[in-house]
1. Would any residue of the range 52-81 have its amide N under 15 Å from a label point 7 Å out along Cα→Cβ of residue 142? List them or say none.
2. At a 10 angstrom cut-off on C-beta neighbours, averaged per residue, how do the peptides 152-162, 125-135 rank from highest to lowest?
3. For the pair residue 94 and residue 29, what calculated FRET efficiency results from E = 1/(1 + (r/R0)^6), where r is the Cβ-Cβ distance and R0 = 25 Å, to the nearest 0.05?
4. Quick check for me: using +1 on Lys/Arg Cβ and -1 on Asp/Glu Cβ, what's the dipole size of the range 29-92 about its Cα centre, in debye to the nearest 20?
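What follows draws every value from the coordinates through simple rules; no lab data is involved. No experiment lies behind these values; they were computed from the predicted model shown. Positions of Cβ are backbone-derived with ideal geometry, glycine not excepted, and every protein chain shown enters the neighbour counts.
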Amino acid sequence: MAGDRVKACIMPDPATQAPAIKPQRAMRRDARARRDALLDAAALCFQQSGYLVPLEDIAEQAGVGRGTLYRNFRDREALALAIFGREIDRLAAVIDLEEPLGRTMAAVARSGSAASTLFARISSDMNLDEETMHDLKALGDRFVAVLQPVADRAHQRGELRPDYGAAELFLATRMAAALALKPGLDAEEQIANALDLLLRGLCAR
């Protein structure tokens, strides 16, 4: 009997606990959805209207109030950095270490071309102070870290020169993705051709 009472004390009754837990989980999902909506809206507004688009327009596009925007992002620099941070997470998701190096790099370059286009659109208007430059460098370091397993795997298979690593793959990806910015060119074909040339220099002989 005493054991039953102890068990009752340390094991919450699901019927009484569930209402307290479910709203918290729902709030987390809602908060994540609002944040993603703001990032989607910001990327669209930045691309269409430039970096100096009123933040109220971004909030309206996202279907939220201005207060919600400022609770998630302190300013437009924070919004832009969060957009690029999310793109790095998405790039990580397309990497398949079982694929050959060239195919992996092509997938990363294609996926990153939209972010490259957006950065080219807004970078000249960004407030590139010391803090923002530090944050941009941190994003670059994150991207290099994402590519590190790709470089390690390529070294194991003899696909990448031993004196080259993730930093060189990062540079090659940026160069190839930038070709999507050029009007009148088939981005897929240009990215493939650029990577073919770049990988000739990067690959082990």
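1. Answer for the range 52-81: 73-74, 77-81.
2. Values: 152-162: 15.6, 125-135: 12.3.
Highest-to-lowest ranking by the protection proxy: 152-162, 125-135.
3. Approximately 0.55, to the nearest 0.05.
4. Details: 10 positive and 10 negative charges, 54 e Å.
Dipole magnitude for the range 29-92 comes out near 260 debye.
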